[in-house]
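Undergrad: Structure in structure tokens, see below.
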Amino acid sequence: MTREETLKALSGFSTPELCDGAGLYHSLHHEIRHFVGRTKIVGTAVTVDVPSGEGGIIADAILRLHQGEILIIAGKGNCDASYWGDHRSICANMMRAEGVVIDGAFRDIDGCEEAEFPIFARGITCGTALKSNTGAINVPVSCGGVTVNPGDFIVADRNGACVIRPDEAERVMKGAMDKRQRQEVTIDEMKRTGKVLTKVKSWEALRAFAEN
């Protein structure tokens, strides 16, 4: 599939479904959650690695954004300084980016809500960040305990955020669809038989159950 086709296909799944299809170590830390804008974003990663409490280079990273891209800010989990604010939301919107995922905090909540640019972060703070412009753009980073490479697929919704490598996207979606279908059949069997099945069954177990 092309990049656009893959993004469209990924948007049809929730992050829990994709994590079921992918296995462990694809979901970012649970504290990184939705705060502002659309509750679901799907796009490719533009990464920025910054020292803890340093946010100057993020302004340069915004200028590299294109439509459908998600800025990944590897802020080392620092919530005492803000890596993002309302002006950056306005700028990223003008670049037609998909959203931002911050391993740290942001501020200017009222202005950010007015801008409506999607923000996923660990928290909110009024504190500022240093502006020495140290760091690196479009390098492999650790965000929320997960390695994110430039160009990786990012899906985030109200359940959290996950990262999927391009070379594994089709396998992950196939696994996610298999789990979804097995769950649907399991629920149908529960309704048909009146028997509670607390685990989603394998196809073999479902066939055996339906025959009894």
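The values are calculated or read from the model by the stated rules, or taken from the named source; none is laboratory data. Keep in mind it's a predicted model, so treat the numbers as computed, not measured. We place every Cβ from the backbone using ideal geometry, glycine too, and count neighbours over all the protein chains shown. The accessibility values were calculated without ligands, DNA or RNA, using every heavy atom of the protein model including side chains. Shrake-Rupley method; radii C 1.70, N 1.55, O 1.52, S 1.80 Å.
Undergrad: Of all the accessible heavy-atom surface of the chain, with the other protein chains kept in place and a 1.4 Å probe, what percent is carbon and sulfur? Walk me through the numbers on the way to the answer.
TA: On the way: 5430 of 10650 Å².
That fraction is 51 percent.
Undergrad: Excluding ligands and nucleic acids, what accessible area in Å² is computed for Cys112 using a 1.4 Å probe, to the nearest 10?
TA: 0 Å²
Undergrad: Would you calculate the convex hull of the Cα atoms in the chain and tell me its volume per residue in Å³?
TA: Enclosed volume per residue, from the Cα hull, is 122 Å³.
Undergrad: A follow-up question, please. Applying the Karplus parametrisation 6.51 cos²θ - 1.76 cosθ + 1.60 with θ = phi - 60° to the phi angles of region 45-59, what ³J(HN,Hα) value in whole Hz is obtained for each residue in order, glycine and proline being reported as x?
TA: Going residue by residue, I get 7, 10, 9, 9, 9, 10, x, 4, x, 10, x, x, 5, 4, 4 Hz, with x marking Gly and Pro.
Undergrad: Give a quick list of GluC sites (Glu not before Pro) in region 100-139 that DSSP marks as loop, anything other than H, G, I, E or B, with at most 13 other Cβ atoms within 10 Å.
TA: Answer in residue order: Glu116.
Undergrad: Follow-up question, since we're still on this one. Could you compute the net charge surrounding Arg64? Neighbours are other residues with a C-beta less than 15 Å from the C-beta of Arg64; K and R count +1, D and E count -1.
TA: That sum, taken over residues with Cβ under 15 Å, equals -2.
Undergrad: Can you work out the base-10 log of I(q)/I(0) for region 15-56 at q = 0.15, 0.22, 0.28 1/Å, using the Debye formula on its C-alpha atoms alone?
TA: These q points yield log10 I(q)/I(0) values of -0.58, -1.09, -1.20.
Undergrad: For the chain, what is the mean residue ellipticity at 222 nm derived from helices alone (per DSSP H run of n ≥ 4: -39500 (n - 2.57); sum divided by total residues; nearest 500 deg cm²/dmol)?
TA: Values: 7 runs with 71 residues, N = 212.
The per-residue figure over the chain is -10000 deg cm²/dmol.
Undergrad: Given a cut-off of 23 Å, name the pairs among Lys8/Lys179; Lys40/Lys199; Lys8/Lys40; Lys40/Lys191 whose C-alpha atoms lie farther apart than that in the structure shown.
TA: Working: Lys8/Lys179 19 Å; Lys40/Lys199 27 Å; Lys8/Lys40 13 Å; Lys40/Lys191 31 Å.
As for pairs spanning more than 23 Å Cα to Cα, those are Lys40/Lys199; Lys40/Lys191.
Undergrad: With a cut-off of at most 16 other beta carbons within 10 Å, and DSSP calling the residue loop, which GluC sites (Glu not before Pro) in region 22-111 qualify? Please list them.
TA: Within region 22-111, the qualifying GluC sites (Glu not before Pro) (loop, at most 16 other Cβ atoms within 10 Å) are Glu31.
Undergrad: Could you work out which residue, out of Gly37, Gly55, Gly194, moves most in a Gaussian network model of the chain, that is, has the largest mean-square fluctuation with Cα springs under 10 Å?
TA: Fluctuation is largest for Gly194.
Undergrad: Between Asn133 and Ala59, what is the label-point separation in nm under the 7 Å Cα-to-beta-carbon projection?
TA: Label at Ala59, label at Asn133, 0.9 nm between them.
Undergrad: Still on this structure: Count the net charge of all other residues whose Cβ sits under 13 Å from the Cβ of Ile124, scoring Lys and Arg as +1 and Asp and Glu as -1.
TA: -3
Undergrad: Using Cα pairs under 8 angstrom and six or more residues apart, how large is the relative contact order of region 9-115, in percent?
TA: Here the relative contact order equals 25 percent.
Undergrad: What residue among Thr186, Asn93, Ile58 has its Cα farthest toward the positive end of the dipole of the chain, where the charges are +1 on Lys, Arg and -1 on Asp, Glu, each on the Cβ?
TA: Thr186
Undergrad: Something else: Tell me which residues come under 5 Å, amide H to amide H, from Val139 once H is placed; ignore anything under 5 positions away on its chain.
TA: It is Thr47, Asp49, by chain and number.
Undergrad: Still on this structure, please answer the following. Under a 1.4 angstrom probe, counting protein chains only, how are Cys19, Cys162 ranked by accessible area, largest first?
TA: Ranking Cys19, Cys162 by accessible area, largest first, yields Cys19, Cys162.
Undergrad: Protein chains only, probe 1.4 Å: how do Thr2, Thr198, Thr147 rank by accessible area, largest first?
TA: Putting Thr2, Thr198, Thr147 in descending order of accessible area: Thr198, Thr147, Thr2.
Undergrad: Among the lysines, select those whose C-alpha is under 18 Å from the C-alpha of Lys76, and discard any that sit fewer than 8 residues away in the same chain.
TA: Of all the lysines, those that pass the test against Lys76 - Cα under 18 Å, at least 8 places apart if same chain - are Lys131.
Undergrad: If you keep only loop residues by DSSP, which trypsin sites (Lys or Arg not before Pro) in region 11-120 have at most 12 other Cβ atoms within 10 Å of their Cβ?
TA: In loop regions of region 11-120 (DSSP not H, G, I, E or B), the sparsely surrounded trypsin sites (Lys or Arg not before Pro) are Arg96.
Undergrad: Convert each backbone phi in region 115-123 into a coupling constant with the Karplus relation 6.51 cos²θ - 1.76 cosθ + 1.60 (shift: θ = phi - 60°), then list the ³J(HN,Hα) values in order as whole Hz, x for Gly and Pro.
TA: 6, 6, 7, x, 10, 10, 7, 7, x
Undergrad: If you don't mind, another one. Sorted by accessible area (1.4 Å probe), largest first, how do Asp49, Asp80, Asp188 line up?
TA: From most accessible down to least: Asp80, Asp188, Asp49.
Undergrad: Roughly speaking, what is the centre-to-centre gap between region 153-170 and region 1-56 when only Cα atoms are used, to the nearest Å?
TA: Each part reduced to its Cα centre gives a spacing of 5 Å.
Undergrad: While we're here: If region 1-94 were replaced by its equivalent ellipsoid, with semi-axes equal to the square roots of 5 times the Cα gyration tensor eigenvalues, what would those be, largest first, whole Å?
TA: 25, 18, 12
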